[in-house]
Each structure stands twice: as structure tokens, then as C-alpha cells.
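The values are calculated or read from the model by the stated rules, or taken from the named source; none is laboratory data. All of these numbers come straight from a predicted model, not from anything done at the bench. Counting neighbours? That spans all protein chains shown, and the Cβs are built from the backbone with ideal geometry, glycine included.
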């Protein structure tokens, strides 16, 4: 019995000791100070390990526990109880807010194959999901994948998304996290330029984080979670590990020291551009669906049916309107026989020689020198037997329900100078800023913008000796008057004009002089044929500007010949050559890119900016300015769009402090635009006044 009592007592004592030990390890009942709470917050596990649908919880009512005091007690004061008494939540406390869910389609596009030394783009889109949406690649040679995800939205937070592209074997621009706000119902798009550093199988990694940013008044911290991640395989090819430029240098070395390899290169050299013009038969089963009001000629229908030979339908959505060359450009949507549509594309139809020249310029100046978001020519141009015109196809960048527009429409809706700076920032580094010094006469570069030197009407031979007009004659110093008769020799270049009843003859340039240009009022080129002068450049300009008020400004036409003979100390770079507002497209996210490279060449970089300013005056400012006097007041005060163009142009001046170089270019460009028949008198008057205003400082 005594043993049982002793055993029970020992058991009770042991239990008490263990209980006391456990109680000493438990946390104190009082709340921790605020600094400890902060420490806990910084050591919490990252949210990137949570599922994509997690979001920060909405603020709730305080629980029925004691909270820390608003201020910590000082060292000399006793640690008193908190200053308020905890109370149970009332029955009216609202329940926690449920997050709103939005379905998003992640669309990822990338190049599965690249050449060493080339660049390409990776595109990531986060688009509101819609039933029936068809995922389309912007570039046919790209792969594209998609995935539907749920995104949570909470009151009190602004939702953003940060995308990042990494790859050890690539140069990637832009680098790092690229964050954009994610408004409900609005698509987001990221694009990166990638250039491989080495050949072989390379890998890219893309990821998207969702970020909840507290709005004003919300004390909660910023939170984020992983939404999407993907690894991309890219096969990079090369010749013996060399870039295209290095391979070309090696080929030149082999040509010098290896006759056999040189002969091989001669036999298998690339075909000329003329040989790449494909002659195809039209597809008679292709269904053309032009937009209402869009008129197509029979030869244009045949070209479209040949270009889209493998398709069942072709929808022509819209037409880009303000070009002056007679070419037509359409936004088209091709549909395959199985009913699946390809991505939107741009189709251009024009004279065969001009289309071939455009393809050649693209191959020479554009393909390897511009950012990848530039519209690309997808394949060599196409013609139809017996057709004097040809067609080619450009890629097109678009998003569902947000088709790009021309810069003309974009500036009319919102005259934002930032669009002009975006254009320069995208294309300037590889084009206009890659300059070298050049000394030239102004007429060598800018004479082509002006009307022809002389207009001639063929006449019957009279048997009298006539002054000769040969193609190698420089235009400087020529004095012709209407009514004079000349004997016109052969010209190396004759191009049909848009009116269909005349041709433009272009002579041979001579040192320091532009080639002579003649408008011959017949479709049969002259061959030592007599022709009567019906107009000269000066009489044409006077006709175009007849009745215009100069408001006391100098006469710009009287100064023209003197200005064209000025010697300019400037620079030379790759230029677009036809920077009209319809050749500049504004797409999703105000992405700006170029099309139409028929006039792309080496030239004076200010040529493009003077042309751009001329277009803005004629097609943007003239649409809202009622009179020439109001326009001169605005020109004197400084128009934001024209100021932006001049600011860009100053970056390309030989001497940034001497803006006269740009003012001369703008002066000639505005006078030259008077020749365009699709401009009305108000547009021409503003251009004429601009040329006269420029004369004040020349």
C-alpha cells in the first residue's frame, strides 16, 4: 500500500515538472511590439511559390484579441496595458471581399530557327480571352503557343504585370523586368529583340509576374506571384560558327587564294533581283472580298489571285490612301481552304519596275539593318504574264480588335509629338545616326522632289535644225521657254506616269548635278524626236501657286535656282526616301514602324525629316487651320509637331548649331509638294507659305 502511495506521489510530481517545463516554452500572452511584426513580414516566404490565382486578401475586421499599443513605452515608463479594450465584431461586419476573376489568354510567339548574326523578335501578349479567338503568328516562320489563365482583381489594389526574357546565349533588348499596368479588358503586349551570340541549340526563358500594388489608403504591402513561365528552344545555324558578315569575309579570302572555290562561288552566286520576280498564274477560284466602296481593276484582281494562289478567300479590309506614286496598298486577311485565316498582311501593287526596286532596296538596306518589328517583305514579288504591274506582301503587326492605323490618322486623332520621337528612337540608331560626312550641291539630293525641268509635246518633224536635248545634259543653266521646239534624244530611263498618257524621262547624272528630267506627253519614248516646250519648272510652280497671298514674305520661287546651286557641308546615311504619313504605321502600344522601301537609298538624312514635316503640314495641320494668316501665326509661335520634327532633325545636322541645313531641305520639300494633284488649294497655300517663311532665314 505504501509503495502505491509513493508511486502515485512520484507520478504527480513528475507530471507537474513536465507541465512547468512546457509552459516555460510557450509564447507570452502579451502582444509583440511593432518592430517584431515588421521583422516577421520581411522573412515571410516569397509569393512566387504560390499558384497563379492567389492574390492578397482583402482587409478584414480586427479579431477578438489584444492588439499592440499605438506607441511603444519609453525606457523610463512601466509597460502598461494597451490603451483600448478589444471588443467582439458586430453582426454588421461585412464578409471578406471575394476577388474578381478575369480570363486571360497568354500568347507567346518566338523564332524556332535563327541565323548567327541575325536578329528577330519574341512577342508575349496577355489578352482578354474570348470564345472563338484564333491565335495568329505575326510572322509566318514563327512558332506560337497559348494558354488560358485566371487573373484575380481586388478592391484597393492596382494590378500590374511584369514580363522578363532571359537567355545566356542571346543579346536581348530590352533587358530586365518590363512592367505594365493591367487594366480590366485591355490587352498587353511585350516585344523583345533577340540576337544569338553562338550557333547551336540555344534556350530562352520567359516569365510573367502579377503584381498587386496597394492604392492610396491601403496599408497592405505590395504582393506578387508567378503567372506564367516557359522555356523556348531556338536552333541557331551558321557556317563554321561564323556570322553572315564573317562568312562573307572568309568567302572573299577564299576567292583570292583559291581559284576553285572562287569558280564555285561564281557559279552559285545569288540570283539578281530581276530573276526573283515570279510570274504566276492567277487562282480562278480565289474569292475576293473587297471592302464596300473599294474598286479593283481587272489586272489588280489577277495579281491578287496570283499572289494568294494557295488560298480560298482574300478579304481586303482597308486601303492606305495618300501615296503619290500610283501604287496601291491594302490591308488584307487571307483565308485557307480549311477555313483557317492567316495573320493580317499588307499587299502592295504598283509598276513592275518600282516593285522590283522596292524589293531590291529592302534586301540591300532594310532586312539586316532595321529593328525586327519593321514590316518585312515575306517573299519575292509576283506578276502575271502580260501584266505591267507586280505585287508584294508585307507582314503586319496587330492585336485582336486593334488594327494599326497610318500616322496621318493617328496624328489627326491625337497630335502627340511623342509618336515622332518613337519613330526616331526605333529607326534612328541603325539608319539616320549611322552617318558619314559628305559635301554636295543641294540640287543633287533635292531636285528629285521638284516638278520636271521641262514638259514636251511631240510634234511632226519640220526639216529645220533644232537645238538638241540629250540625256547627259546637266539641267543647270538651261533656258527654255514655252513654244520652243527641241530635238529630244534617247533617255536611259522612261517610266509611265499615273495619268496613263505621259512618261517621265530621266537622264544621266553628271558630277555635281542631278539628272535632267523631262515629262514627255506620249507613251512612246523619244528617239531623236522633235518636241515643243509646253511648260518649264518655273511656269509649273507659278501655275500651282497662282493667287496665293504671301503676307509680305519673300517669293520662294524666285530664289529656287540659286538655292539649288548652294554647296552643303552635310552628312550621308541610309534614308527611307518616301517618308509620307501613310508609310508610317502606328500599332498596339503606339509601336511605330515603316513600310514601302521603293525609294530607300543612301542620301541626306534631313531629306526624310523635311519630307515628314511637309506631310504633317499638308495632311494634319491643314485639316484644322482655316487660313494662311492663322497658320503663319502658329508657325511663328512654334507648332509642337513641327518643333518635334526639327528637334529630331538637329540630331542629324553636320553642325547642330547651324539649322540652316534643315531649313533649306524643308524649303525645297514644301515647294516640290505643290506638284501633287491630290492636294487642294488650302494645303498647297500652307506649303507655299512655309517655303516663303523659310526664305526669311536663308
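Before moving on, here are some points about what is shown:
- Residue in segment 302-311 that is surrounded by fewer than 17 Cβ atoms within 10 Å (Cβ to Cβ) and at pLDDT 90 or above present: yes
- The single condition from (1) in contact with a strand residue (DSSP E or B) (Cβ under 8 Å, 6 or more places away or on another chain); (2) surrounded by 14 or more Cβ atoms within 10 Å (Cβ to Cβ); (3) within 27 Å of residue 674 (Cβ to Cβ); (4) not assigned by TED's automatic domain parsing to the domain that holds residue 571 that residue 440 fails is (4).
- Residues of segment 456-470 include none that is in contact with a strand residue (DSSP E or B) (Cβ under 8 Å, 6 or more places away or on another chain), closer than 25 Å to residue 604 by Cα and assigned to a loop (DSSP other than H, G, I, E, B).
- Only one of 415, 429 that is in contact with a helix residue (DSSP H, G or I) (Cβ under 7 Å, 6 or more places away or on another chain), surrounded by fewer than 18 Cβ atoms within 10 Å (Cβ to Cβ), part of a loop (DSSP other than H, G, I, E, B) and assigned by TED's automatic domain parsing to the domain that holds residue 561: 415
- Verdict on residue 664 being touching a strand residue (DSSP E or B) at 6+ places or on another chain (Cβ under 9 Å) and at pLDDT below 95: no
Conditions tested, residue by residue: (1) in a loop (DSSP other than H, G, I, E, B); (2) in contact with a strand residue (DSSP E or B) (Cβ under 9 Å, 6 or more places away or on another chain); (3) in contact (Cβ under 8 Å) with a residue 40 or more places away in the chain.
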site: 569; (1), (2), (3): no, yes, yes
site: 572; (1), (2), (3): no, yes, yes
site: 579; (1), (2), (3): yes, yes, no
site: 582; (1), (2), (3): no, yes, yes
site: 585; (1), (2), (3): no, yes, yes
site: 593; (1), (2), (3): no, yes, yes
site: 599; (1), (2), (3): yes, yes, yes
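- Qualifying positions in segment 159-191 - in a strand (DSSP E or B) and either over 19 Å from residue 226 (Cβ atoms) or not assigned by TED's automatic domain parsing to the domain that holds residue 116 (or both): 170, 171, 172, 173, 189, 191
- Set 201, 147: member being loosely packed, with under 13 Cβ neighbours inside 10 Å, closer than 13 Å to residue 234 by Cα and touching a strand residue (DSSP E or B) at 6+ places or on another chain (Cβ under 7 Å): 201
- Every listed requirement among (1) at pLDDT below 95; (2) out of contact with any helix residue (DSSP H, G or I) (no Cβ under 6 Å at 6 or more places or on another chain); (3) surrounded by 15 or more Cβ atoms within 10 Å (Cβ to Cβ) is met by residue 457 save one, (1).
- Any hit, segment 535-545, residues being farther than 30 Å from residue 628 by Cβ and crowded, with 17+ Cβ neighbours inside 10 Å: no
- The set of residues in segment 329-356 being at pLDDT 90 or above and over 23 Å from residue 288 (Cβ atoms) consists of 356 alone.
- Residue in segment 628-641 that is within 24 Å of residue 572 (Cα to Cα) and either under 21 Å from the mean Cα position of the chain (by Cα) or not assigned by TED's automatic domain parsing to the domain that holds residue 572 (or both) present: no
- Hits in segment 95-117 - residues which are modelled with pLDDT of 85 or more, crowded, with 18+ Cβ neighbours inside 10 Å and in a loop (DSSP other than H, G, I, E, B): 111, 116
- Selection from segment 118-130 of residues that are in a strand (DSSP E or B) and closer than 22 Å to residue 148 by Cα: 122, 123, 124, 125, 126, 127, 128
- Residue match in segment 131-141 (condition: part of a strand (DSSP E or B), surrounded by 15 or more Cβ atoms within 10 Å (Cβ to Cβ) and touching a residue at least 24 places away in the same chain (Cβ under 8 Å)): no
- Qualifying residue in segment 607-621 (condition: crowded, with 23+ Cβ neighbours inside 10 Å, outside the structural domain of residue 121 (by TED's automatic domain parsing) and in contact with a strand residue (DSSP E or B) (Cβ under 6 Å, 6 or more places away or on another chain)): yes
- Positions within segment 535-560 being within 18 Å of residue 697 (Cα to Cα) and free of Cβ contacts under 8 Å to residues at least 24 places away in the same chain, in sequence order: 552, 558
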